[in-house]
1. Run down Val111, Val157 and say which single residue is touching a residue at least 40 places away in the same chain (Cβ under 8 Å) and within 25 Å of Gln268 (Cα to Cα).
2. Exactly one condition in (1) over 25 Å from the mean Cα position of the chain (by Cα); (2) without any contact (Cβ under 8 Å) to a residue 24 or more places away in the chain is not met by Lys217; state its number.
3. Applying the selection to region 33-44, what residues are more than 20 Å from Arg142 (Cα to Cα) and of a type outside the set (Asp, Glu)?
4. When you scan region 243-265, how many residues do you find that are without any contact (Cβ under 8 Å) to a residue 40 or more places away in the chain, in a loop (DSSP other than H, G, I, E, B), on the phi < 0 side of the Ramachandran plot and not polar (S, T, N, Q)?
5. Can we say Ile342 is under 30 Å from Arg142 (Cβ atoms), in a helix (DSSP H, G or I), among the β-branched types (Val, Ile, Thr) and in contact with a strand residue (DSSP E or B) (Cβ under 9 Å, 6 or more places away or on another chain)?
6. Among the residues of region 281-299, is any assigned to a helix (DSSP H, G or I) and buried (at least 16 other Cβ atoms within 10 Å of the Cβ)?
7. Which one of these is in contact (Cβ under 8 Å) with a residue 40 or more places away in the chain and within 16 Å of the ligand (Cβ to nearest atom): Phe335, Phe325, Phe284?
8. Name the one entry in Phe65, Phe48 that is within 16 Å of the ligand (Cβ to nearest atom) and either more than 23 Å from Leu103 (Cα to Cα) or out of contact with any Leu (no Cβ under 6 Å at 6 or more places or on another chain) (or both).
Amino acid sequence: NQNVRTGRSGSATSPPDEHGTAQKIDVNPPKGTRDFPPEDMRLRNWLFHNFREVSQQFGFEEVDFPVLESEALYIRKAGEEIRDQLYCFEDRGNRRVALRPELTPSLARLVIQKGKSVSLPLKWFAIGQCWRYERMTRGRRREHYQWNMDIIGVPGVMAEAELISSIITFFKRIGLTASDVGFKVSSRKVLQEVLRCYSVPENMFGRVCIIIDKIGKIPMDDIRKDLQSADMSEVAIEELLQVLSLKSLAKLEEKLGASGEALSDLKQLFSLAEKYGYSDWLQFDASIVRGLAYYTGIVFEGFDREGKLRAICGGGRYDQLLSTFGGDDLPACGFGFGDAVIVELLKERGLLPELNLQVENIVCSLDQELQGAASAVATILREKGQSVDLVLENKPLKWVFKRAARINARRLILVGKAEWEKGMVNVKTLSTGEQLEIKLDELE
Ligand SMILES: OCc1cccc(Br)n1
């Protein structure tokens, strides 16, 4: 809107209203949200391009869903943080809706909607903006973009091994190695087996997981109190906390015995990691449960080995989610990978890519009546698939050279009167300064 001028202070004034007073609007985006000016958009596009390339390299198909979903998709009773921070409201049709806090429930909804019309296994990926309404006390964001990959219809841990392989492929593509990042891997079946030993009701499983996920984030006394409120005895709590501190499968076997599913799943995953060649990226860590109630098996999270940042990504198996939405009992697993921590990590490691605007040609006319001629030259080049920044007003040559440098143009095409009358234009290669007169029909 050309009427709005942004002052130095960043506040803009719009035309006077019916009372003749100028209206000051806030030109900053809403709290917790970001604009993407060109330099930030180039980094975001670079990140998403790598997400897409890896997903397609693994044979996944891209999907997307509305950013607005029914609130019912996220109403789970387990006391998750994501529930407390739901960006939800009642729309003008009195429907309870929410800005999606994650993509997995939408994916589950679409899988059920597609029903028998899709053949299994499904390998879908999505990159979508997700929202949470968090008290801005911690100054954290309210939106981020998340890359998700999900495999629907594969019960075995080959699916989890494949997902971890795709994330490692992504890390390698952007220059990160196993000495920069790793994965902590566990299974919620570890928790399940301990809870069964102490006959904790099954319906407490999701809630206990959410409490356990808060270890390290809230005082241990509060963890113990919350576990007691989830029908756990003192003995069960101590045993559980002990098991959660295990960092070796051998110790886990000593604790849980060799017959449980948790151990066999984990052993199989670590053996597959050998075959994939990414063993040095993984470590067993029983304390990993992840903060979403619907995980039922293997869970994993990517972390930076310097331990300065929050989890880079996370995921796991969620075999019950589709059936809780009324769908078939389909096995499923997937991960979410946010766009914030990874950028912080790349900054830390000096791995942010140099991404400059690159336009092949800048075209300008040397006098007003040749403006149309300049547009014709621009069109010829564009029809050959070249990018052209066409100077749209009569500007001094000094201004044109300055703009050419700013947009990193490779060539400057000058349309001058004398040359144009001979059907020629002036082509200057800006890196070398070489200048040639070229016939229009030989321009390439
Ligand atoms: O990682 C949880 C999450 C969900 C939505 C938005 C943001 Br920012 N963060």
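The values are calculated or read from the model by the stated rules, or taken from the named source; none is laboratory data. These numbers come from a predicted model, not from an experiment. All Cβ positions, even for glycine, are placed from backbone atoms using ideal geometry, and neighbour counts span all protein chains on display.
1. Val157
2. Failed condition: (1).
3. Selection gives Pro38, Arg42.
4. 2
5. When the stated conditions are applied, Ile342 passes them.
6. For region 281-299, residues assigned to a helix (DSSP H, G or I) and buried (at least 16 other Cβ atoms within 10 Å of the Cβ): present.
7. Phe335
8. Sole residue among the options that is within 16 Å of the ligand (Cβ to nearest atom) and either more than 23 Å from Leu103 (Cα to Cα) or out of contact with any Leu (no Cβ under 6 Å at 6 or more places or on another chain) (or both): Phe65.
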